[in-house]
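Single-structure report; data block below.
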Amino acid sequence: MRKIQMVDLKVQYQEIKEQVNQSVLDVIESTAFINGPEVHQFQEELEEYLNVKHVIPCANGTDALQIAMMGLGLQPGDEVITADFTFAATVEVIALLGLTPVLVDVDPVNFNIDVEAIKKAITPKTKAIVPVHLFGLAANMDEIMELAEDNNLYVIEDNAQAIGGTYTSKDGTKTKTGAIGHVGSTSFFPSKNLGCYGDGGAIFTNDDDLAHTIRGIVNHGMYVRYHHDVVGVNSRLDSIQAAILRAKLPKLDTYNAARRNAARKYSKALKGIQNIVIPTGYCEAENSVCDVCDCHVFHQYTLRILNTDRDALVNHLNENGIPCGVYYPIPLHLQKAYKDERYNEADFPVTNQLIKEVISLPMHTELDDEQIEFITKTIINFVATS
Ligand SMILES: *Cc1c(COP(=O)(O)O)cnc(C)c1O
């Protein structure tokens, strides 16, 4: 059996090696390292793929979130609601801008921000909601957009883990995640579903004015050369990364299909096993993982392990050569940097439970049947005997 890796970028690279190497060399030959034609072309190709009017590339996914919030003109003291169970970048930029983070609990089924919890957290100071499409599955965007409209709030989608995913609205409309809210952000960190070979990110919006504002912010607040109208940042996707992303974007759907395929095999083997909760997105009727709606892009394949020592399972898997991850082991409201007296433990029952139960299995485009069988058998045996 091939060595199991949590993320396998090598095999993927081998397949596109010639094209990637050539386009990187071309950028070097051209010396158009910053804002070169590759960046502009990638921007247009991603706009077309996402069916969104504006893509503004930037340096990374954390910057993308920060710049989105700056673009919306959020001011110190404004409250921004986001999920307690996510990567820290989301809450970090809220705090960094002097905004007030308001962390709320998540849904135990889709792991995403809980709409009822958002409702309870809205105050007259609330200005925005940041749903994170965690692990590759869209948050409940119909309800969130409705709530935002009723309360005059902005919605900033953190799409770092779900690029290429689709959200199907109640009326049947299908929209790519990240293109639903007022503004969306993503990351091209190497292990993300669309990863470059360094850091990269992008902001999406259908709002022409907001796009214009953001284009200035990423470039030192300049709209006319050497005229600085607003305080901006320097946040750019470099041409080499754009060239790599151009080689990978046409394969994104194939990559995501490979992830779904691996997820389907995991779910098939683990479905119905006592004390194992497979991730939602598994369509019973189809006996498949949402082939119908294409919704989940499985950035992570995350199980809940009940009545079992999760950490002992992690050790057991590692001892058997199976890497795995715990995303996330600590709720954001308990992190030193984001602790706040406003929070009440009783408001986070789901996150507080999930951090003890979740385990993310190896997930990438190169998992084979033998590896998946070995991984699932090892888990089932452990859970059955502990
Ligand atoms: C990866 C990630 C980010 C940050 O992206 P970087 O490119 O590493 O800055 C933000 N939010 C979520 C949910 C992420 O998974």
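Taking all protein chains into account, the per residue accessible area for the stretch 252-385 stands at 46 Å² (1.4 Å probe).
Sites count as exposed loop sites when they are trypsin sites (Lys or Arg not before Pro), lie in a DSSP loop, and have at most 14 other Cβ atoms within 10 angstrom; the longest stretch of the chain without one is 54-124. Shape call for the chain from the C-alpha gyration tensor, a ≥ b ≥ c root eigenvalues: rounded (a/c under 1.5), prolate (a/b greater than b/c) or oblate? Here the chain falls in the oblate category. The accessible surface of the stretch 9-250, taken with every protein chain in place and a 1.4 Å probe, is 51 percent carbon and sulfur. For the options 313, 210, 96, a Gaussian network treatment of the chain with springs between C-alpha atoms closer than 10 Å singles out 96 as fluctuating the most.
Which residue fluctuates most in the GNM of the chain (Cα springs below 10 Å): 164, 232, 181? Maximum among the listed residues: 232.
Just in the stretch 195-245: which chymotrypsin sites (Phe, Trp or Tyr not before Pro) are loop by DSSP and have at most 10 other Cβ atoms within 10 Å? Walk me through the numbers before you get to the answer.
Details: sites: 197, 204, 223, 226; in loops: 197, 226.
Sites meeting the loop and neighbour criteria: 226.
Relative contact order of the chain: 22 percent, from C-alpha pairs under 8 Å at least 6 residues apart in sequence.
So, for the stretch 36-141, what is the accessible surface per residue at a probe of 1.4 Å, expressed in square angstrom? Let's see the in-between values first.
Values: 3480 Å² over 106 residues.
In whole numbers, the stretch 36-141 has 33 Å² accessible per residue.
For the chain, the 222 nm mean residue ellipticity estimated from helices alone, with every DSSP H stretch of n ≥ 4 adding -39500 (n - 2.57) and the total spread over all residues, rounds to -12000 deg cm²/dmol.
The values are calculated or read from the model by the stated rules, or taken from the named source; none is laboratory data. Please read these numbers as outputs of a predicted model, since none were measured by experiment. Neighbour counts are summed over all protein chains in view; Cβ atoms, including those assigned to glycine, are modelled from backbone coordinates with ideal geometry. Heads up: the accessible areas ignore ligands, DNA and RNA and are worked out on the full protein's heavy atoms, side chains in. Shrake-Rupley method; radii C 1.70, N 1.55, O 1.52, S 1.80 Å.
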